[in-house]
Every structure is written in structure tokens, then in C-alpha cells.
1. Ala128 - would you say it is of a type in the set (A, V, I, L, M, F, W, C), assigned to a helix (DSSP H, G or I), at pLDDT 90 or above and out of contact with any strand residue (DSSP E or B) (no Cβ under 7 Å at 6 or more places or on another chain)?
2. So which residues in the stretch 1-29 are surrounded by fewer than 17 Cβ atoms within 10 Å (Cβ to Cβ), assigned to a loop (DSSP other than H, G, I, E, B) and modelled with pLDDT of 75 or more?
3. Counting residues that are touching a strand residue (DSSP E or B) at 6+ places or on another chain (Cβ under 9 Å), which helices (runs of 4 or more DSSP H) fully inside the stretch 142-260 reach at least 2?
4. Return the pair list, or none, for Cβ contacts closer than 8 Å from residues in the stretch 10-30 that are more than 17 Å from Gln59 (Cβ to Cβ) to residues that are surrounded by fewer than 20 Cβ atoms within 10 Å (Cβ to Cβ) and of a type in the set (Gly, Ala, Ser), at least 6 apart or on different chains.
5. Can you work out which of the residues in the stretch 328-339 that are touching a residue at least 24 places away in the same chain (Cβ under 8 Å) and in a loop (DSSP other than H, G, I, E, B) is surrounded by the fewest Cβ atoms within 10 Å (Cβ to Cβ)?
6. Every residue in the stretch 298-327 that is within 23 Å of Phe363 (Cβ to Cβ), over 20 Å from the mean Cα position of the chain (by Cα) and surrounded by fewer than 22 Cβ atoms within 10 Å (Cβ to Cβ), please.
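The values are calculated or read from the model by the stated rules, or taken from the named source; none is laboratory data. These figures come from a predicted structure and were not determined experimentally. Quick reminder, even Gly has a Cβ in these numbers, built from the backbone with ideal geometry, and neighbours come from all protein chains shown.
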Amino acid sequence: MQLKNSYYCSQKFWWLSIDLQKLETMSCCAASPQKIQHTWLKENTGKLFNTKQLQQERQDMLLGKKVDSCSATCWKAEEVGLPSRRTITGSDVITHTDIDATPEILHVILGNQCNMTCSYCCKQYSSAWYKDIAQNGTYEIESNTDRFIINNRDKLLSRIKQKKIMERDTVQFVLKEIQKILSTKNISKLEITGGEPFLYAGLDDLLNKVQNIDKINVYSGLGVNTARFEEEIKKLKKYKNNITLTISAENTENFYEFNRAGNTWNRFLENLECLKKHKINYTFNSVLSNLTIFGIYEFEQFAKKYNIDYQLCNDPDFLSINVLDQSSKEYIIKKISQTDARSKKIIMQAINKEPTDIQRKNFSNYIKEFAKRRNKNLLIFPKSMLEWIKYNE
């Protein structure tokens with residue numbers, strides 16, 4: 001049964017994310033996190049997925065009540081008529097109703113160690129983003145979040161060496177809890193992300209602990225040095241029957257290097273060839289934002305033999321698909337009319353919504369500063385967009 005005008009999302013009932021660096025859990029990659037504390041863990045062994053907070057949120061959803069932890073990427077978008085993560089994934093359909101739930105997909109975040117500053121990413125998932133803000137200061141964005149501000153917790157986390165993450169007592173306890181969850185045989189898939197997982201010394205050790213899982217996805221931006229990347233891929237060969245790399249990308253050439261700042265298109269291609277050489281299965285994951293959709297058609301042609309999953313960028317809202325000038329929107333609509341990819345429906349649902357003045361202002365300030373700090377050329381974008389953001393060469 002399809003819910004109408006409701007705040008239900010099935011992910012709260014079957015998806016569990018655990019961040020080993022920040023020691024947090026989430027019931028959706030876009031939901032607000034819940035802190036893991038060592039004392040709490042000892043008192044509540046086996047309840048990582050059934051905390052009082054999560055059970056209450058599930059109950060509220062079943063009663064048609066709005067859950068605050070889902071506000072940023074779903075409720076705010078839907079309230080202004082835009083598609084959200086839950087609507088494009090079909091998670092608004094009632095599939096699960098037990099508030100004492102069992103996870104089916106386990107998502108493990110190794111940490112935020114990453115050498116790339118993707119245009120829609122942030123300090124939470126990229127240490128390179130943290131370094132940018134720490135060294136160059138904040139961005140002139142009007143917001144009630146600290147996305148572009150370094151707080152005391154960020155400073156504390158930055159001091160934890162990635163090699164030490166797995167050695168912490170609480171992390172070891174969490175890893176034991178993960179193994180208990182995996183032993184229930186209810187998990188259909190394990191997802192491992194970062195940061196960049198191939199920058200973590202503990203990746204192989206973690207994979208050794210979870211060999212009983214039939215389906216494992218490791219998410220990578222392929223931004224790792226090619227020699228190191230090949231060494232890491234060689235380690236994966238012993239798991240290759242049940243491991244798939246999910247590669248984050250949505251553009252080619254100049255648009256790729258702009259939106260995936262920190263990597264080059266040539267290195268991306270070299271690492272892709274490495275996967276082919278060692279016969280490692282891979283798919284793609286593409287984020288749709290107002291910056292990435294300019295090159296999405298060309299990327300879909302490049303990757304047309306492979307599956308592409310799409311994620312919608314609604315946080316921050318000034319990177320939403322609709323925050324563009326009218327001429328650029330018409331260009332995009334004409335371009336995507338040539339494809340049958342699922343991105344076409346998502347883009348068409350969102351692109352015609354009129355942006356607010358504050359979204360336009362934030363986008364203008366952000367993209368100009370983003371390009372300046374990374375020495376990227378904004379002239380790859382349409383002239384009408386550059387005029388819209390009042391860009392002067």
C-alpha cells in the first residue's frame with residue numbers, strides 16, 4: 001500500500017549505519033546520527049538497531065508523524081515540492097511495521113580520511129574538506145548549520161590517526177556487535193564507505209571478519225594513487241566472488257575534475273582499468289546536483305554498460321538541481337531528453353522549481369569560492385549560469 005501525505009520511510013526499519021571514527025549510528029545515510037557511548041553499549045548489548053530513540057521514531061512514522069532526524073534531506077525538500085531521497089527510492093511505501101526491527105543492510109563508515117573535496121561533500125565525509133576549511137576559513141553561506149565551520153569536535157576527531165581507529169576499545173566493542181548482527185543471517189548486504197576506504201589500513205582486516213556475508217559493496221572515488229590502489233585491489237581478489245566496488249562518479253573529463261576535485265580524469269580511468277584487469281565487479285553511484293547534472297549525459301554514455309544508482313543532493317539546498325538560471329535549465333532538459341536513464345525522471349521532477357533568493361546567493365558565493373580555492377575553471381559552465389551568479393573572470 002502506498003502512503004499519501006505521510007512521513008513514513010521504510011529505511012528506518014531495515015538499514016543501519018555505523019561510523020567507526022565518530023562512533024555514531026544512523027538509520028539512513030542522510031538522517032541525523034545518534035552517539036554511541038561505551039557505557040551505553042555495555043548496558044544495551046545487541047541493541048544498536050533498536051535504541052529507544054529509533055523505536056520511537058519508527059512508532060511516530062507509523063502514526064504519520066514527522067521525525068526530526070529526517071528533516072534536512074527529505075522533509076524540507078518535499079515541503080517545497082521537490083523529490084526527496086525517500087520518494088525516489090520508493091521508501092515511502094509501507095514494507096515494514098515492526099518497531100523492534102532487524103537490519104537487512106549494514107553500512108559501515110571507516111572514517112572521513114579522503115584526499116578529494118567533491119563539490120557536494122563536506123568535512124563529515126572528507127578530511128580534505130576539513131583541511132580546506134581549517135586552512136582557508138569558512139564559506140560565506142547563510143545557514144543554521146556548521147557545515148563550513150570547524151568546531152571543537154572536528155578538531156578532536158582530526159587528531160585520531162586513521163591507523164588507530166580500529167584499536168580503540170569502544171570500536172573493538174562495536175566490531176563485536178557488528179559480528180553478532182552479521183551472524184543472524186538477516187543481513188543481505190554489507191556496505192563499506194569512508195572517506196575513501198582504500199586509504200584505511202584496517203579495510204582488509206574488516207573484510208576478513210565478514211567473509212560470511214554473500215554481498216559486500218565497497219564504495220570508492222578511485223582517487224587513490226594508482227600504485228597503492230593496485231596493491232589494495234590485489235588484496236580483494238580473495239573476496240572477489242562476493243565483493244563489488246561501487247564507484248562514485250557522475251561526470252567525465254573537465255566536469256569530472258571540477259566536481260571530484262582532488263582526482264584527475266586520467267587517474268580515474270587508470271584505476272578503472274585496474275579493476276578490469278583484476279576482474280573485480282563494479283557499479284556506479286552518481287549524485288545529482290545543480291553542478292553535476294551538466295555532465296551527467298556524457299557520463300551515462302561512458303558507463304552505459306554498467307548499473308548506475310542515483311542520489312539526489314538536497315543538502316545543502318543551494319546545490320539542489322533546481323537552483324539554476326532558466327537558460328541552463330532549458331539546456332539540461334534538452335540534453336537529458338536524449339537518454340532513457342533513471343536520472344531523467346529525477347531531474348525532470350526537480351529542475352523547474354524556482355529557487356529562492358537566498359539559495360541563489362549561497363550558490364553564487366559557494367561555487368566561486370570553491371573554484372578559487374581549487375584553481376578550477378568556471379568557464380566550463382554555460383555563460384548564462386555565470387551571468388546568473390555574477391561571475392567576473
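1. Working: of a type in the set (A, V, I, L, M, F, W, C): yes; assigned to a helix (DSSP H, G or I): yes; at pLDDT 90 or above: yes; out of contact with any strand residue (DSSP E or B) (no Cβ under 7 Å at 6 or more places or on another chain): no.
Taking the combined requirement at face value, the residue does not satisfy it.
2. Result: Ser6, single match.
3. Values: elements: 152-158, 169-183, 203-209, 226-236, 253-259.
So the answer is 169-183, 203-209, 226-236.
4. Met26/Ser32; Ala30/Ala72
5. Within the stretch 328-339, the first condition is being touching a residue at least 24 places away in the same chain (Cβ under 8 Å), and the residues that meet it are 328, 331-332, 335-336, 338-339.
Remaining after also requiring in a loop (DSSP other than H, G, I, E, B): 338-339.
On the way: Gln338: 11, Thr339: 15.
Looking at the filtered set, the residue picked out is Gln338.
6. Result: Glu298, Asp325, Gln326, Ser327.
Here's the yes/no breakdown for (1) within 30 Å of Arg168 (Cα to Cα); (2) in a loop (DSSP other than H, G, I, E, B); (3) among the hydrophobic types (A, V, I, L, M, F, W, C):
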| position | (1), (2), (3) |
| --- | --- |
| Ala31 | yes, yes, yes |
| Leu48 | yes, yes, yes |
| Arg58 | no, no, no |
| Gly81 | no, yes, no |
| Thr95 | no, yes, no |
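Residues are listed down the side, and each one gets a yes or a no for (1) assigned by TED's automatic domain parsing to the domain that holds Thr193; (2) touching a residue at least 24 places away in the same chain (Cβ under 8 Å); (3) among the acidic types (Asp, Glu):
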{"site": "Val80", "(1), (2), (3)": "no, yes, no"}
{"site": "Pro83", "(1), (2), (3)": "no, yes, no"}
{"site": "Ser91", "(1), (2), (3)": "no, yes, no"}
{"site": "Ile94", "(1), (2), (3)": "no, yes, no"}
{"site": "Ile99", "(1), (2), (3)": "no, yes, no"}
{"site": "Asn115", "(1), (2), (3)": "yes, yes, no"}
{"site": "Asp132", "(1), (2), (3)": "yes, yes, yes"}
